[in-house]
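Engineer: The following block contains the structure, expressed as structure tokens.
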Amino acid sequence: MGKLFDLKLVFTSIPELLEKLPITLELAGLAMVLGLLLGLLMAIIKIKKIKGLTQIINFIISAIRGTPVIVQLYIAFFGIPMFFKYLNQRFGTNLAVADIPGFVYAVVALGLNQSAFCAEIIRSALQAVNEGQIEAAQALGMTYLQTLRRIILPQAFEVALPTLGNSLISIIKSTSLAFTCAVVELTAQGRIIAGRSYRYFELYISLAIIYWVITIIIEQAIKFIEKKIRIPDQVALLPAANSRSVEEEHG
Amino acid sequence: MVKIEHLSKKYNDNIVLDDIHLEIKKGDVVGIIGPSGTGKSTLLRCVNHLEIPESGVIHMDGKTVDITRKRGRELRYLQQHTGMVFQRFYLFEKKTALENVMEGLIVVKKMSKEEAKKTAMQELDKVGMSSWANHYPKHLSGGQQQRVALARAIAMKPDLLLLDEPTSALDPELVGEVLDVIRKVAEEGYTMLLVSHEMNFVRHVANRVIFLDKGRIVEDGTPKEVFERPKNERTREFFRKMYMMNQPEYII
């Protein structure tokens, strides 16, 4: 028996682990984008109280929030192929189920999971936008979609950003469960490497360090963006060159 | 010319507007006065289709718009050709004064950015806000915000400008600057519907005054007629109460 704890291995294995970092980031990124788009759609349906759809969406959100991510991943992994087989049997098509990589299942499952949480975050952010500004846009003759894109979303984004940042961090960590869909990302790579030397403890420490660093980077990036999009506290006056001003006061 | 016909609106059982008929000639400045809760604001909001009434038709430029419908091309036409100034300004918070005025020009009028910027600067200049063009609403006082809101509305060159108590949310000392700008806009020949509690201002800027009570027009005439020789008992009572307030508490 060698050393109880091999500190060197914690760091020497990091480069090999990082080979799979792109997979983790892609998974998280794509799932986040999917989650945001679906979440926005669900949020708008809930705000507009579209009959029928709202109830369906409430049901979906409740189901997703009420079940663990790992169970959802398994359901996607087994369920999607079954669905395709059903389609093939039913319509006599020949959709190649086996060609779909596990990566896709993981993105779908994580994205759906994310959308349920994003929907609530986005809904509250959209509703935080002052109704009067929406009326003002409407009074100018803007359509709802124009108002949404140009007036509501930029403001809602600022409100939702910190919470969405947390979601992104949590999804980064959820990707460690993607091995259930046969995706080799950071954590799966760690297990593979550890399997060679039986140094599991050291490898998990390396993984912990990597995830932690990613999280810190995301936190800082979110802070930077928040600062960037905030309305500045003060702006200089423009020189009133051609102004025939009715202005007396400056306050 | 704008013609409003059969405009009725109720909230549950509360009738706010009761079969209103109103014809507004081009260039008219119509002041709408009356006690609180008589549907003055609702009237404007229905004309701009921010509220959907139970019944009502608006004739405008040979077009007939059914304002009881939820959406449609005519309704967009109506909104694009009427401008609204709100009591609480409602400037777009994430946009500068200039961008606020440019927004409608770019999105609705499909102007190029340069053209929109030029027009917007002219309008801001008109309301005395051109040197504040790069300021965000939160940097501006209420009076300044309302002047930008006015510029935003008139930049669209509306056929009918609706002003919903434009000075009610302002500190007393800021009311004057906004009224000055409204007077200027009125002198340019804009057709306006003005709801206001500034009786003296309405009297001087409007060429026609309407007194609204319980959702009906009970008085309609020139400012002189309405303010000096009101025909209706309700109107007389309203003015009596108002003049009572304006009287000094003590005379030595």
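Engineer: Which lysines have a Cα lying under 18 Å from the Cα of B:Lys231, excluding residues fewer than 8 positions away in the same chain?
Structural biologist: List returned: B:Lys214, B:Lys241.
Engineer: Compare the peptides A:163-170, A:43-50 by average per-residue count of other Cβ atoms within 10 angstrom and give them in order, highest first.
Structural biologist: Result, highest mean Cβ count within 10 Å first: A:163-170, A:43-50.
Engineer: Note down the net charge around A:Thr24, summing +1 for each Lys or Arg and -1 for each Asp or Glu among other residues with Cβ under 15 Å from its Cβ.
Structural biologist: Details: positive: A:Lys20, A:Lys173, A:Arg191; negative: A:Glu16, A:Glu19, A:Glu26, A:Glu185.
Local net charge: -1.
Engineer: Taking the dipole about the Cα centre of the protein assembly as shown, with the C-beta of Lys and Arg at +1 and of Asp and Glu at -1, give me whichever of B:Val127, A:Pro22, A:Ile70 is farthest to the positive side.
Structural biologist: A:Ile70
Engineer: Enter the mean number of other protein chain beta carbons within 10 Å of the beta carbon of each residue in B:80-89, as an integer. List each step's numbers first, then the result.
Structural biologist: Values: counts 4, 1, 3, 3, 5, 2, 5, 1, 3, 3.
That average works out to 3.
Engineer: Short version: what are the Cα gyration tensor semi-axes of the range A:2-95, square root of 5 times each eigenvalue, largest first, in whole Å?
Structural biologist: Numbers: eigenvalues 296, 98, 40 Å².
Over the Cα atoms of the range A:2-95, the semi-axes work out to 38, 22, 14 Å.
Engineer: Calculated FRET efficiency, B:Asn232 and B:Lys3, Cβ-Cβ r, R0 25 Å, to nearest 0.05? Before the final figure, lay out the partial values.
Structural biologist: Details: r = 23 Å, r/R0 = 0.93.
Efficiency, rounded to the nearest 0.05: 0.60.
Engineer: Hey, fewest Cβ within 10 Å first, where do B:His135, B:His81 land in order? If you can, show how the numbers build up before the last one.
Structural biologist: Values: B:His135 23, B:His81 18.
In increasing order of surrounding Cβ atoms, one gets B:His81, B:His135.
Engineer: Output ³J(HN,Hα) for the range A:160-174: one whole-Hz value per residue in order, computed from phi by the Karplus curve 6.51 cos²θ - 1.76 cosθ + 1.60 with θ = phi - 60°, and x for Gly and Pro.
Structural biologist: Listing the rounded values in order: 7, 3, x, 5, 5, x, 4, 4, 4, 4, 5, 6, 4, 6, 5 Hz.
Engineer: Oh, and also: If you fit an axis through the alpha-carbon atoms of helix A:21-48 and take the longest principal axis of the Cα set of chain A, what angle between them do you get, 0 to 90°, nearest 10?
Structural biologist: It is inclined by approximately 40 degrees.
Engineer: Once each part is reduced to its C-alpha centroid, what is the distance from the range B:1-74 to the range A:93-151 in angstrom?
Structural biologist: With the range B:1-74 and the range A:93-151 each reduced to a Cα centre, they are spaced 36 Å.
Engineer: I would also like to ask the following. Compute the acute angle (0 to 90°) between the alpha-carbon long axis of helix A:186-197 and the principal axis of greatest extent of the alpha-carbon atoms of chain A; round to the nearest 10°.
Structural biologist: That works out to roughly 20 degrees.
Engineer: For the range A:128-227, state the average projected area of the convex hull of the C-alpha atoms over all orientations, rounded to one decimal in nm².
Structural biologist: Values: hull surface 35.1 nm².
Dividing the Cα hull surface by four gives the mean projection, 8.8 nm².
Engineer: Now for a separate question. Where the eigenvalues come from the Cα gyration tensor of chain A, what are the semi-axes √(5λ) of the equivalent ellipsoid, largest first, in whole Å? Provide the component values of the computation, followed by the final result.
Structural biologist: Values: eigenvalues 378, 175, 38 Å².
With the √(5λ) rule applied to chain A, the semi-axes are 43, 30, 14 Å.
Engineer: Please compute the Cα-Cα pair-distance distribution of the protein assembly as shown with 10 Å bins starting at 0, giving whole percents from short to long.
Structural biologist: 4, 15, 20, 18, 14, 12, 9, 5, 2, 1, 0
Engineer: What is the order of A:Ile122, A:Ile214, A:Ile172, fewest Cβ neighbours within 10 Å to most?
Structural biologist: On the way: A:Ile122 28, A:Ile214 18, A:Ile172 21.
Neighbour counts put them in this order, fewest first: A:Ile214, A:Ile172, A:Ile122.
Engineer: The range B:32-85: which GluC sites (Glu not before Pro) are DSSP loop and have at most 15 other beta-carbon atoms within 10 angstrom? Please report the intermediate quantities before stating the final value.
Structural biologist: Values: sites: B:Glu51, B:Glu54, B:Glu74; in loops: B:Glu51, B:Glu54.
Those that pass, being in a loop and sparsely packed, are B:Glu54.
Engineer: For B:Val29, list long-range residues whose amide hydrogen, built 1.01 Å from N in the peptide plane, is under 5 Å from its own amide hydrogen.
Structural biologist: Under 5 Å from the amide H of B:Val29 lie the amide H atoms of B:Met192, B:Asn207, B:Arg208, each far enough along the sequence or on another chain.
Engineer: What is the local net charge at A:Leu145, summed over the other residues whose Cβ is closer than 15 Å to its Cβ (Lys, Arg +1; Asp, Glu -1)?
Structural biologist: +4
Engineer: What ³J(HN,Hα) values, in whole Hz, does the Karplus curve 6.51 cos²θ - 1.76 cosθ + 1.60 give for the range A:91-104 when θ = phi - 60°, with x put for Gly and Pro?
Structural biologist: Ordered by residue, 3J(HN,Hα) equals 10, x, 7, 10, 6, 7, 5, 5, 6, 6, x, x, 3, 5 Hz.
Engineer: Then there's this: For q values of 0.16, 0.22 Å⁻¹, compute log₁₀ I(q)/I(0) with the Debye formula on a Cα-only model of the range B:1-115, without solvent.
Structural biologist: Per q value, in the given order, log10 I(q)/I(0) is -0.87, -1.30.
Engineer: Report the chymotrypsin sites (Phe, Trp or Tyr not before Pro) located in the range B:211-252 that are in a DSSP loop and have at most 10 other Cβ atoms inside 10 Å of their Cβ, or state none. Walk me through the numbers before you get to the answer.
Structural biologist: On the way: sites: B:Phe211, B:Phe227, B:Phe238, B:Phe239, B:Tyr243, B:Tyr250; in loops: B:Tyr250.
Passing both the DSSP loop test and the Cβ count: B:Tyr250.
Engineer: If you put +1 on each Lys and Arg Cβ and -1 on each Asp and Glu Cβ, how big is the dipole of chain B around its Cα centre, in Debye rounded to 20? Intermediate values should be presented prior to the final figure.
Structural biologist: On the way: 39 positive and 36 negative charges, 128 e Å.
The dipole of chain B has a size of about 620 debye.
Engineer: Could I ask something else about it? Given Cα pairs under 8 Å that are at least 6 residues apart, what percent is the relative contact order of chain B?
Structural biologist: Numbers: 471 pairs, mean separation 62.2, N = 252.
About 25 percent, as a whole number.
Engineer: Using the alpha-carbon atoms, what tilt in degrees (0 to 90, nearest 10) does helix A:200-229 show relative to the longest principal axis of chain A?
Structural biologist: Here the helix axis deviates by roughly 10 degrees.
Engineer: For B:Ile15, what charge total do you get from the other residues with a beta carbon under 9 Å from its beta carbon, if Lys and Arg give +1 and Asp and Glu give -1?
Structural biologist: Numbers: positive: B:Lys9, B:Lys10, B:Lys214; negative: B:Asp13, B:Asp18.
Taking every Cβ under 9 Å from that of B:Ile15, the sum is +1.
Engineer: Still on this model: So how do B:Ser8, B:Ser36, B:Ser130 line up by other beta-carbon neighbours within 10 Å, fewest first?
Structural biologist: If I rank by nearby Cβ atoms, fewest first, I get B:Ser36, B:Ser8, B:Ser130.
Here, each number is a calculation from the coordinates, and none is a lab measurement. Note that this is a predicted model, so its numbers are computed, not measured. Glycine also receives a Cβ, built like all others from the backbone with ideal geometry; neighbour counts cover every protein chain displayed.
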